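Scroll down for the structure; my scribbles are underneath it.
The values are calculated or read from the model by the stated rules, or taken from the named source; none is laboratory data. Note that the coordinates shown come from a computational prediction; the quantities given were computed from them, not determined experimentally. So basically every Cβ, Gly included, is an ideal-geometry build from the backbone, and we count neighbours across all protein chains shown. For the accessible areas, the whole protein counts, side chains as well, though only heavy atoms, and no ligand, DNA or RNA atoms are used. Shrake-Rupley method; radii C 1.70, N 1.55, O 1.52, S 1.80 Å.
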Amino acid sequence: MHVTVMGTGYVGLVTGAGLADLGLTVSCTDVNDEKIRSLQDGQIPIYEPGLEEIIRRNRERGRLAFSTRLPEAIRNCLVVFVAVGTEAGPDGLPDLRQVWAAVDMIAESADGYKIVVIKSTVPVGTARRLADRLRQRPPGAPQFDVVSNPEFLREGSAVEDFFHPNRIVIGTLSDRAAAVMKDIYRPLYLIQTPFVFTTPESAELIKYAANSYLAIKISFINELANLCDAIGPSADVHVLAHALGLDPRIGSKFLHPGPGFGGSCLPKDSRALVRIAAAYGCPLRTVGAAVEVNERQFERVIEKLRQGLGSLPAKTVAVLGLAFKPNTDDVRESRAVRICEVLRREGCLLQVFDPAAMASARRLLGEDGMGYCSEAYEAVKNADATVFCTEWNEFRNLDLQRLKQHMRGDVLVDAKNILDPAAAKRWGFRYFGMGRSA
Ligand code: UGA
């Protein structure tokens with residue numbers, strides 16, 4: 001079967017490469033010439049473990065191609081996956097202009113029946129509106145079915161998630177489209193991936209609800225970490241999270257405290273769901289509270305630095321980790337970037353390092369007051385304080401003695417709780433964790 005993927009962002013690329021690996025013939029398209037040219041040259045625009053390898057393998061086998069020739073790709077396939085960007089607009093809701101443009105392009109180029117699969121995260125009701133628009137074609141024009149097929153890929157483990165999903169959600173009113181979708185994902189069906197066949201509206205809502213629930217869990221544990229801090233050294237949020245997680249009704253995942261959730265999904269989707277629900281006159285207060293808690297959680301890190309350093313102006317602070325999470329170079333809504341911005345405004349000099357996100361962070365933060373370093377030990381040189389903002393594995397095993405020798409001061413703020421507080425104390429640090437102490 002031939003499929004076309006529109007949009008070679010993170011979702012489009014992983015989906016296209018993954019579908020090719022499942023044995024389909026995939027054309028990944030984009031309106032951005034330059035991006036397609038560099039993909040044709042074998043350059044992958046995002047850092048995603050395992051992606052380069054499956055792209056190379058499937059291109060070699062002739063199952064995956066990159067192209068800007070959208071009309072041709074659409075004519076040659078039965079199914080078009082729409083994975084274009086839906087960044088939030090000024091009202092907090094996704095900007096759907098690219099989705100509408102993609103669907104219009106499909107309608108103009110199609111020479112026969114097509115199934116339009118919406119991968120991009122879109123508000124409830126969008127798939128139905130797109131289907132209505134596609135139906136308003138002149139008599140004799142090709143027929144279309146629309147499917148909402150949200151993605152649940154995590155950045156940093158997207159390839160693994162594609163091949164071992166927790167579920168595949170297929171929202172459509174068409175039996176024919178549902179059958180084709182089942183065929184597309186047949187290899188995953190055979191390994192007993194649960195399939196949820198539902199309406200487009202439920203499928204769209206499932207996506208927002210899943211991310212919002214994760215957001216609620218994180219904000220909940222972050223507030224409890226803050227409470228542990230208030231109680232003092234005898235309360236430890238890690239022991240608490242462990243005990244909570246032993247109850248299968250709660251589960252142990254997404255109970256890691258930190259400076260708040262970032263990235264291109266959880267913050268955007270939980271804010272959007274609050275808006276969507278309000279528009280239906282049905283406020284979602286739990287999600288609203290999670291968003292609100294998250295907006296302020298990174299300030300705890302600043303407070304801990306202020307507490308350790310006495311005052312912030314003219315202090316040198318090493319920031320280790322800039323990506324919104326490990327194994328990605330993505331800095332969208334990264335709390336580390338927010339922390340850098342505030343510290344810089346407070347008059348700190350920053351020395352920063354991230355194993356993958358240096359270039360993307362530099363584009364956001366610029367040069368003023370920033371020292372971009374090539375490794376962690378360089379970043380901590382003569383620093384008054386070091387703050388860990390992303391839990392990259394390589395930071396977990398840093399030599400604390402060497403770290404201490406390189407630094408001028410002794411303040412260690414562990415915003416992701418990745419170090420052993422007792423070891424940090426042994427090497428002479430004043431250790432500040434999130435909801436736990438040395
Ligand atoms: C999230 C969802 O986990 C995916 O299922 C979904 O497909 C994706 O959004 C999307 O909508 O595309 P992602 O944004 O890649 O995936 O990252 P997560 O692993 O969910 O982490 C989000 C943020 O929460 C990160 O900043 C992370 O550090 C933070 N987090 C996560 C915590 O602070 N504590 C935790 O316990 C877990």
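Quick notes on this structure:
- Close amide H pairs (under 5 Å, H built 1.01 Å from N) link F81 with T4, V5, M6, V117, residues at least 5 positions away or on another chain.
- Cβ-Cβ FRET estimate between R56 and N393, R0 fixed at 25 Å, reported to 0.05: 0.50
- Computed on the Cα atoms alone, the convex hull of the range 199-296 gives a volume of 108 cubic angstrom per residue.
- Under 9 Å, Cβ to Cβ, from D384 - net charge with Lys/Arg +1 and Asp/Glu -1: +1
- Label-point gap, in nm, between R37 and R363 - each point 7 angstrom along Cα→Cβ: 1.7
- Legend: residues Y189, Y280, Y372, sorted from most to least accessible area (1.4 Å probe; ligands, DNA and RNA excluded), read Y280, Y189, Y372.
- Calculated [222 nm] ellipticity per residue, helices only, for the chain: -13500 deg cm²/dmol; basis is -39500 (n - 2.57) per DSSP H run with n ≥ 4, divided by all residues, nearest 500.
- Probe 1.4 Å, all protein chains present, accessible-area order of Y213, Y185, largest first: Y213, Y185
- With DNA, RNA and ligands ignored, accessible area of W427 (1.4 Å probe; Å², nearest 10): 110
- Degrees, to the nearest 10: 200-231 long Cα axis against longest axis of the chain: 0
- Surrounding net charge for P267, when Lys and Arg each add one and Asp and Glu each subtract one, Cβ distance under 14 Å: +1
- Accessible area (Å², 1.4 Å probe, nearest 10) - Y47: 100
- Violating pairs (Cα-Cα greater than 18 angstrom) within the set K253/K416; K381/K404; K35/K325; K315/K416; K114/K207; K325/K404: K35/K325; K315/K416; K114/K207; K325/K404
- Between S234 and A179, the FRET efficiency estimated from the beta carbon spacing at R0 = 51 angstrom works out to 0.30.
- Cα centroids of the range 63-91 and the range 18-33: 9 Å apart.
- For the range 1-135, taking the reciprocal of the average inverse distance between every pair of different Cα atoms yields a Kirkwood hydrodynamic radius of 15.1 Å.
- Sequence of M105, M6 from largest to smallest accessible area, 1.4 Å probe: M105, M6
- For the range 298-438, accessible area per residue (1.4 Å probe, heavy atoms of protein chains only), Å²: 41
- Over all orientations, the range 312-438 has a Cα convex hull whose mean projected area works out to 6.7 square nanometres.
- Charged neighbours of R63, selected by a Cβ distance under 15 Å, balance to +1 (K, R count +1; D, E count -1).
- Cα-based helix-to-principal-axis angle, 175-184 vs the chain, degrees rounded to 10: 60
- Q405-Y113 FRET efficiency (beta carbon distance; Förster radius 60 Å; 0.05 resolution): 0.30
- Rounded to 10°, Cα long-axis angle of helix 10-21 versus longest principal axis of the chain: 60
- For the chain: rounded, prolate or oblate by the Cα gyration tensor [a/c cutoff 1.5]: prolate
- Low-density loop cleavage sites - GluC sites (Glu not before Pro) in the range 274-333, where at most 10 other Cβ are within 10 Å (DSSP): none
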